[in-house]
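S.K.: Below you'll find the structure I mean.
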Amino acid sequence: MQGGVPTSESANAPATPSRDIKAAPRSAKAPPPAPAVQSAKKESTTPDVAKPKAPPLDLTSLETRLKETKAIGVLTKIALKNQIDDLLDQFRDFYGGKLKITLAELRRPYDMLVLKVLSLLQDSDPALASAIAASREAIWGILSDPAKFATI
Amino acid sequence: MATRVTDIVLAVLTVTCFATPALAADDASIKKDLFTVITLQGLPCGEVVTFTSKGDYDHIASCRDGNRYHVFLNAQERVVVEKQ
């Protein structure tokens, strides 16, 4: 970037909403777990035949759809590509030992970037937004695995 | 003769009526694109109200909040937003 504004995710990231799950007060008179809960847990150990499977990840298709969507302007697409490339560089540096952070710390800029893309698409191209949202964990699965990442 | 002039005037008006919204829509999409790029960089804008094009990917955007930005694609194919 030549004198421009850095595209660092951390600099632009809005604050994440705080989660006060642990802070929620528990009643002292809370009843002990009912037997029904235990039976439900036992049921959950049975094979998950009815569970819907995640759709197979098709990165090429998602990339093509992102390039062709009219929901995002050309400059915005290039700016997003810049930010994606920056994130991929961070992963390369991380796996190369140049970046002294944890994988968990790379998850935040990844999530932020996905959210940016989703917010840009959700109104004008909801189908693509859904496809990207559904692929979110699968893409992270590739990024967070050095062997899979090397194949990108 | 009068009929012919009327026909020409009508044709011009028709073209103007259809072409102007198309141009305005294009203008609006560029403004939206510029606004999105500016905000993607985390910079304040509010809304791009006007812009001047210096090239295909080279614009000066004026925001409602008074900020002005030079938005362009540099030689490394990176979108750069410079506050003016």
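S.K.: Which pairs do you get when a residue that is at positive phi and facing another protein chain (nearest Cβ under 7 Å), found in the range B:32-53, comes within reach of a residue that is in a helix (DSSP H, G or I) and surrounded by 15 or more Cβ atoms within 10 Å (Cβ to Cβ), reach meaning Cβ atoms under 6 angstrom, with the pair 6+ apart or on two chains?
M.R.: B:G42/A:N12
S.K.: Let me ask something else. On the basis of being loosely packed, with under 15 Cβ neighbours inside 10 Å and hydroxyl-bearing (S, T, Y), does A:T64 make the cut?
M.R.: Considered against the rule, which asks whether it is loosely packed, with under 15 Cβ neighbours inside 10 Å and hydroxyl-bearing (S, T, Y), A:T64 comes out as yes.
S.K.: When both residues are 6+ apart or on different chains and their Cβ atoms are under 7 Å apart, which pairs have a first residue that lies in the range A:108-120 and is touching a residue at least 24 places away in the same chain (Cβ under 8 Å), and a second that is acidic (D, E)?
M.R.: So the pair list comes out as A:P109/A:E9; A:M112/A:E9; A:L113/A:E9.
S.K.: Let me ask another. Would you mention how many residues in the range A:121-148 are in contact (Cβ under 8 Å) with a residue 24 or more places away in the chain and aliphatic (A, V, I, L, M)?
M.R.: Qualifying residue count, the range A:121-148: 9.
Here's the yes/no breakdown for (1) within 22 Å of A:S61 (Cα to Cα); (2) in a helix (DSSP H, G or I); (3) charged (D, E, K, R):
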position: A:K81; (1), (2), (3): yes, yes, yes
position: A:D89; (1), (2), (3): no, yes, yes
position: A:F94; (1), (2), (3): no, yes, no
position: A:R107; (1), (2), (3): no, yes, yes
position: A:S119; (1), (2), (3): yes, yes, no
position: A:A131; (1), (2), (3): yes, yes, no
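S.K.: Conditions first: (1) acidic (D, E); (2) at pLDDT 95 or above; (3) over 19 Å from B:V37 (Cβ atoms). A:E63 passes all but one, so which condition is the exception?
M.R.: That leaves (2) as the condition not met.
S.K.: Can you go through A:D93, A:D125, A:D89, A:D85 and tell me which one is within 12 Å of another protein chain (Cβ to nearest Cβ) and either within 30 Å of B:G55 (Cα to Cα) or surrounded by fewer than 17 Cβ atoms within 10 Å (Cβ to Cβ) (or both)?
M.R.: A:D85
The values are calculated or read from the model by the stated rules, or taken from the named source; none is laboratory data. On a predicted model such as this, the values are computed, not experimentally measured, just so you know. As a convention, Cβ positions derive from the backbone with ideal geometry for all residues, glycine included, and neighbour counts pool all protein chains shown.
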